[in-house]
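**Q** The structure is given below, and queries will be raised subsequently.
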Amino acid sequence: MTTKKLFIRTFGCQMNVHDSEQLAELLKSSGYGTTGSAKDADLIVVNTCSIRDKAEQKVYSELGRYRHLRKAKPHLIIGVCGCVAQQQGERLLEKIPWLDLVFGTHNIHRLPELISRVGKTGRPVAETGFRETVPSIGILALPEKGSVSAFVTIMQGCDNYCAFCVVPYLRGREESRKFHDILAEVRTLAAHGVKEVTLLGQNVNSYGKSLGNGHSFSELLRAIGEIEGIERIRFTTSHPKDLTDDIIDCFRNVKALCGSIHLPVQSGADAVLARMNRRYTSADYLDCVRKLREACPDIAVSSDIIVGFPGETDQDYQKTLDLMEKVRFDTLFSFQYSERKGTAAVGLDGKVNPDEKRRRLIDLQALQDRHTQEKNDTLVGRTVEVLVEGTSRKTSRDMMGRTRTNKIVNFTGDRDLVGKTVRVRIVEAFLHSLRGEMLD
Ligand code: 5AD
Ligand code: SF4
């Protein structure tokens, strides 16, 4: 049987990357194998993200690139999924005549059927309905052979309604996967040689609430920690308001749980946090960080910050910088606020002008770069445990792995180290990676 070729272009977060993996897995049964080149593809899928600005423009320019391919290859099917698809639905088909398929965040599992419909009728299809349960979160996407780490979706959607965020409108209500299904998936991954799992969800800390049967996130962490072969557990993303003491305790008691956490703070000013509907104060946040560091002294803390949220004064912004000084994040993702249609923040007064937002972001990023470099510098001379993932991006002569605190380390070593944990002494620190020498 000739295999048809699938090319996926993914924008956005790890959730989207994992959705794309699941999509590829699902399409295997329809005879599709993946290709890295759009030119060779029989099916192109653009997996979109609309959480921040310019997402739609990006999608249009990406799709523009495929127009000539469609002309040259009439049987080529081009589809769009993810948040922009969810938001725009049929409008995308109207705007882009060479597009065949639009499917929303809850419709991934229907893709084989939709493709076959397009193939048979030659007519474009848009499917963006929402369902109570999302069957696609149960698709097991085995990572490529030899992969050391894998994603596992544990919940989808979000009920938090932060004032700036479109996710609850586009990904739907919070829904946790069944406890035993998750454990079964992790066991299968471990049996395929996976050493590290990253548990995914918009707000993993609230795992279990929608199940109503008493299973909680900390219980899940403890249970995964017992699975043989799983050496490292990570999770993303967490909400500070749901970071309970029993989750923090897992950093003490679950050996496989890595010492790193992504804990978005968004702002250091209580007035801004309240308007954002975050439901914690900067003091609560600092308390979380203090407790995390008590439980795991070397824990790496990363975060998200938005500057220029409506009503953010210069003093508010200064409070964010003060919080950064107090916490000293290992890494930070920072953004200018961009208005998303349909969110609560649209109605708020006190829009910050674009030049001011830009200035705030540049200054904040300069401060963070100093902190990141200082943090990385403290590792020079220390010996760390590195789980080897593959060859280095810069040169295939070097190997690349991560510390338990999620920092990238490049070092000279053999390819057969992939999947092994080695001890490496750090000799040089950069902003985005470390250089080391293997000891073992
Ligand atoms: N504007 C700017 N940043 C945003 N984020 C989410 N929505 C917006 C928006 N409207 C950021 C938040 C979130 C991260 C994933 O994206 O910081 O934590
Ligand atoms: Fe968006 Fe807030 Fe939910 Fe995160 S917790 S997905 S920022 S609404």
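**Q** Would you check which residues across the stretch 268-318 are buried (at least 17 other Cβ atoms within 10 Å of the Cβ) and β-branched (Val, Ile, Thr) and list them?
**A** Scanning the stretch 268-318 gives Val272, Val289, Ile299, Val301, Ile305, Ile306, Val307.
**Q** Same structure, new question: List pairs: first residue in the stretch 50-66 and free of Cβ contacts under 8 Å to residues at least 40 places away in the same chain, second residue open to solvent by 90 Å² or more (accessible area, probe 1.4 Å) anywhere in the structure, Cβ distance under 8 angstrom, at least six positions apart or on different chains.
**A** Tyr60/Lys95
**Q** From the list Leu92, Leu99, which residue is touching a residue at least 24 places away in the same chain (Cβ under 8 Å), among the hydrophobic types (A, V, I, L, M, F, W, C) and part of a helix (DSSP H, G or I)?
**A** Answer to the selection: Leu92.
**Q** Hey, could you check the stretch 166-199 for residues that are near ligand 2 (Cβ under 10 Å from one of its atoms) and open to solvent by 20 Å² or more (accessible area, probe 1.4 Å) and say which is farthest from Ser210 (Cα to Cα)?
**A** Tyr169
**Q** Mind telling me which of the residues Asn205, Asn213, Asn160 ends up being within 11 Å of ligand 2 (Cβ to nearest atom), free of Cβ contacts under 8 Å to residues at least 60 places away in the same chain and either within 21 Å of Cys288 (Cα to Cα) or surrounded by fewer than 20 Cβ atoms within 10 Å (Cβ to Cβ) (or both)?
**A** Asn205
Matching residues to (1) surrounded by 20 or more Cβ atoms within 10 Å (Cβ to Cβ); (2) β-branched (Val, Ile, Thr); (3) more than 16 Å from ligand 1 (Cβ to nearest atom):
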residue: Asp19; (1), (2), (3): yes, no, no
residue: Tyr32; (1), (2), (3): yes, no, yes
residue: Ser37; (1), (2), (3): no, no, yes
residue: Ile44; (1), (2), (3): yes, yes, yes
residue: Asp53; (1), (2), (3): no, no, no
residue: Glu62; (1), (2), (3): no, no, yes
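**Q** In the list Lys394, Lys351, which residue meets the criterion of being in the same structural domain as Ser147 (by TED's automatic domain parsing) and either at pLDDT 95 or above or away from ligand 2 (no atom under 16 Å from the Cβ) (or both)?
**A** Answer to the selection: Lys351.
**Q** Return the residue satisfying two criteria in turn: it lies in the stretch 338-397 and is outside any loop (DSSP other than H, G, I, E, B) and of a type in the set (Ser, Thr, Tyr), and of such residues it is nearest to Gly146 (Cα to Cα).
**A** Per the stated criteria, the residue is Thr391.
**Q** For the stretch 343-398, which positions are open to solvent by less than 20 Å² (accessible area, probe 1.4 Å), within 23 Å of the chain's Cα centre (by Cα) and within 29 Å of Tyr161 (Cα to Cα)?
**A** Hits for the stretch 343-398 are Thr343, Leu364, Gln368.
The values are calculated or read from the model by the stated rules, or taken from the named source; none is laboratory data. Only a predicted model underlies this, so the values are computations on that prediction, with no experimental measurement involved. Reconstructed Cβ throughout: ideal geometry from the backbone, glycine too, with neighbour counts over all protein chains shown. Calculation scope for accessible area: heavy atoms of the full protein, side chains included, ligands and nucleic acids excluded. Shrake-Rupley method; radii C 1.70, N 1.55, O 1.52, S 1.80 Å.
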